[in-house]
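Visitor: The structure under discussion is supplied below as structure tokens; questions concerning it will follow.
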Amino acid sequence: MKVHRRSLVSLALLASATLFHTGAMAQANVLRIVPHSNLAILDPIWTTAYMSRNHGYMIYDTLFGTDENAKIKPQMVDSWTVSEDKRLYTFKLRKGLEFHDGKPVTSEDVVASLQRWGKRDAMGSALMQFVQRMDTPAPDTFRLFLGEACGFVFEALGKPSSNVPFIMPKRVADTDAFKQIEEHIGSGPYVFKKDEFKPGDKAVYTKFAKYVPRSEPPSGSTGGKRVYVDRVEWNLALRDAQAQVNALQKGEVDIIEQLSFDHYESAKADPNIQLPKTDKFGLQYMGRFNHLMKPFDNVKVRQAALAALTQEPFLRAQVGVKELYRTCASMFVCNTPFGSTVGSDIQSKSNMKKAQDLLKASGYDGTPIIIMKPTDLASIQKLPDVGAQLLRQAGFKVDLQAMDWQSLVGRRAKKDGWHMFYTAWQAFDVWNPISNPITDTRGEKSTWFGWATDDKMVSLRNEFMRATDDAAKKKLGEAIHVRAFEIATHAPLGEFEAPMAARKNITGFFVTNGNMYWNLKKN
């Protein structure tokens, strides 16, 4: 058979075009993200680290969620009833809930998951103080029996950030709360590809075809979790801020989860880059003391440190972009329901002379303060340097120890060997006197690192849990706020926005108050 040369050329061009089109389509179905840190801990109940929480949102689902206006809405739950005395809560799960291994989600999975979460989370632990028992009268129904009424059941079940009450299979949730889980099966919109997971290199998630999203539009951690891509790849190796921006500009990645503040203005001016606003309330910086380690077991030494750690130097050095930060003397975040500045004078109206005088009067013996400094988390890595400088000016000796963030996360779980670390919390984590982990002052029984001990705070917090009247809650919230500054639980270091950067062809961003990757399309 004779084939014309022109026909051969045409066929070659057609094949080439087809391959190009197929490749382009394949790339359009892969969302490539540079997350804010490495992912090393895969158990979002074992740690409060946001990388683990974000991983959790990819593969797990929740009973309730919190929308962008801080309203609690159902997620896995279809309907519920509350008894007249507010001591019996009955919940029914919606139809179509299935784990990635093909097994249906049942009420037994829910109860086991809540029990484990309640042993690690500050708000979960508080709720479990009221829960006498839970039972499962039907595969799609579970009940909470309370010993006495409390005012935060739905806020606890729908809390949007660390630790989130993610629902896991019972066999996984039965894992000791103080040991990490070894199986990562959820019922959420994505499936975790453990066979492709390489810590420090990449994490991969694929679309869960059997996930049934809710009908409502996405908002915060609520609404329909619709997935429009086949695959999400987290690039864990790209840690240099300039290299991240270069990769975004070249189209090698689609999203930088936390853009370096140093590159904010240049990214803002790039016509191919967008800076989607996905966080309504922002974040709060925090310096946390280890109350078990000398000299920070002495409240007077902690007070001297708190007085030295004024907010503006941290914000100016770490953020630098004035439109992205603000000082705030509230431990519960300014312009939120419990935002208050009462009792904050020791820090907000302090100066270095006052800090020096407080330290001299404290009996500080010169013990070096070990501050852990993360080397690979751009959004907080300058805070320890500023803190070290201010503490030295106040008269402290300081030992600044550098390590990667995941090493820091592991080390802070140990009750000795460190005095301070710095972190950032999203507003929802710290704006409520129960969810804010620093208000849990039960010493070594506390759910968060630092282990403060104070019976008065415990008593005030218990009163707050039982309060159902908004005015009473507000008054108790202020009393807790005053007490936290009196005992120097930690140092609030101001508020900021963490900018996200994305290619212009990514659409579907919504206000999440976190890092959630559904509803996104790659055009």
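Visitor: Taking 20 Å as the cut-off for C-alpha to C-alpha distance, list the pairs among 322/382; 71/280; 280/521 that go past it. Walk me through the numbers before you get to the answer.
Guide: Details: 322/382 16 Å; 71/280 13 Å; 280/521 22 Å.
Flagged as over cut-off: 280/521.
Visitor: What is the local net charge at residue 389, summed over the other residues whose Cβ is closer than 15 Å to its Cβ (Lys, Arg +1; Asp, Glu -1)? Show your work: numbers first, answer last.
Guide: On the way: positive: 316, 373, 382, 392, 397; negative: 312, 385, 399.
Residues close to residue 389 contribute a combined charge of +2.
Visitor: Additional query: Once the piece of chain linking residue 462 and residue 136 is laid out straight, how much longer is it, given 0.36 nm per residue of separation minus the C-alpha distance between them?
Guide: My answer for the length gained is 114.5 nm.
Visitor: Using the Cα centre of region 238-310 as the reference point, and only Cβ charges (+1 on K/R, -1 on D/E), how large is the resulting charge dipole? Debye, rounded to the nearest 20.
Guide: Numbers: 9 positive and 9 negative charges, 115 e Å.
It works out to roughly 560 debye.
Visitor: Okay, next question. Considering the options 245, 177, 405, tell which one lies farthest towards the positive end of the dipole of the chain, charges being +1 on Lys and Arg and -1 on Asp and Glu at the Cβ, about the Cα centre.
Guide: Projecting each Cα onto the dipole axis, the largest value belongs to 245.
Visitor: Ok, one more. With the contact rule set at Cα under 8 Å and sequence spacing of 6 or more, what percent relative contact order holds for the chain?
Guide: Numbers: 1138 pairs, mean separation 104.6, N = 523.
That works out to 20 percent.
Visitor: Taking the Cα centre of region 50-185 as origin, sum charge times position over the Cβ atoms of Lys and Arg (+1) and Asp and Glu (-1), and report the length of that vector in debye to the nearest 20. The partial results should precede the final answer.
Guide: Values: 18 positive and 19 negative charges, 27 e Å.
Charge dipole, region 50-185, about its Cα centre: 120 debye, nearest 20.
Visitor: Any number yet on Rg/Rh for the chain, C-alpha, Kirkwood?
Guide: Details: Rg = 24.5 Å, Rh = 24.3 Å.
A ratio of 1.01.
Visitor: A further question on this structure: Would you pull out the residues with amide H under 5 Å of residue 398's amide H, same chain only if 5 or more places away, H placed 1.01 Å from N?
Guide: Residues meeting the amide H criterion: 369.
Visitor: Taking only C-alpha pairs under 8 Å that are 6+ residues apart, what is the relative contact order of region 50-185 in percent?
Guide: Working: 234 pairs, mean separation 42.0, N = 136.
Once normalised by length, the contact order is 31 percent.
Visitor: Let me ask something else about it. Could you compute Rg(Cα) / (2.2 N^0.38 Å) for region 157-283, with N its residue count? Can you show the working numbers first?
Guide: Numbers: Rg = 17.5 Å, N = 127, 2.2 N^0.38 = 13.9 Å.
In units of the 2.2 N^0.38 Å rule of thumb, it is 1.26.
Visitor: Then there is this: For region 50-185, what does the convex hull of the Cα positions come to per residue, in cubic angstrom? Can you show the working numbers first?
Guide: Numbers: hull volume 15.1 nm³, N = 136.
Expressed per residue, the convex hull around the Cα atoms of region 50-185 is 111 Å³.
Visitor: Considering only the other residues whose Cβ falls under 12 Å of the Cβ of residue 157, what net charge follows from Lys and Arg at +1 and Asp and Glu at -1? Intermediate values should be presented prior to the final figure.
Guide: Details: positive: 73, 159; negative: 121, 155.
Its environment carries a net charge of 0.
Visitor: Which order do 116, 412, 442 fall in if you start with the one that has the fewest other Cβ atoms within 10 Å?
Guide: 442, 412, 116
Visitor: Now, a different point. Any idea which of 471, 340, 361 is furthest toward the positive side of the dipole for region 283-496, if Lys and Arg beta-carbons carry +1 and Asp and Glu beta-carbons -1?
Guide: After comparing all options, I get 361.
Visitor: Another question, if that's okay. Listed highest first by mean packing, meaning other Cβ atoms within 10 Å per residue, what order do 314-321, 162-169 come in? List each step's numbers first, then the result.
Guide: On the way: 314-321: 19.1, 162-169: 25.6.
Put in order of decreasing packing, that is 162-169, 314-321.
Visitor: Let me ask you something else. Efficiency by 1/(1 + (r/R0)^6): what FRET value for residue 445 and residue 352, r their Cβ-Cβ distance, R0 = 35 Å, to the nearest 0.05? Mind showing how you got there, number by number?
Guide: Values: r = 36 Å, r/R0 = 1.03.
The computed FRET efficiency comes out at 0.45.
Visitor: Highest first, please rank the peptides 197-203, 177-183, 118-124 by the mean number of other Cβ atoms sitting within 10 Å of their residues.
Guide: Working: 197-203: 15.7, 177-183: 12.9, 118-124: 22.6.
Taking the mean over residues of other Cβ atoms within 10 Å, the ranking is 118-124, 197-203, 177-183.
Visitor: OK, next. What does the convex hull of the alpha-carbon atoms of region 283-496 project to on average, in nm²? Let's see the in-between values first.
Guide: On the way: hull surface 43.0 nm².
For region 283-496, the mean projected area of the Cα convex hull comes to 10.7 nm².
Visitor: Another question, then. Might you list the cysteines of the chain that have no disulfide-compatible partner by the rule of another cysteine's Cβ under 4.7 Å?
Guide: So, 150.
Visitor: If you count, for each residue, the other Cβ atoms within 10 Å and average over each peptide, how do 239-247, 324-332 line up from highest to lowest?
Guide: Averaged packing, sorted descending, gives the order 324-332, 239-247.
Visitor: Could I ask something else about it? Enumerate the calculated ³J(HN,Hα) couplings along region 351-357 in order (Karplus 6.51 cos²θ - 1.76 cosθ + 1.60, θ = phi - 60°), each rounded to whole Hz, writing x wherever the residue is Gly or Pro.
Guide: Calculated HN-Hα couplings, in order: 8, 5, 4, 5, 4, 4, 5 Hz.
Where a number appears in this text, it was derived from the coordinates with a stated rule and is not lab data. What you are looking at is a predicted structure, and each value in this text was computed from that prediction instead of being measured. No Cβ is skipped: glycine too gets one built from the backbone with ideal geometry, and neighbour counts run over all protein chains shown.
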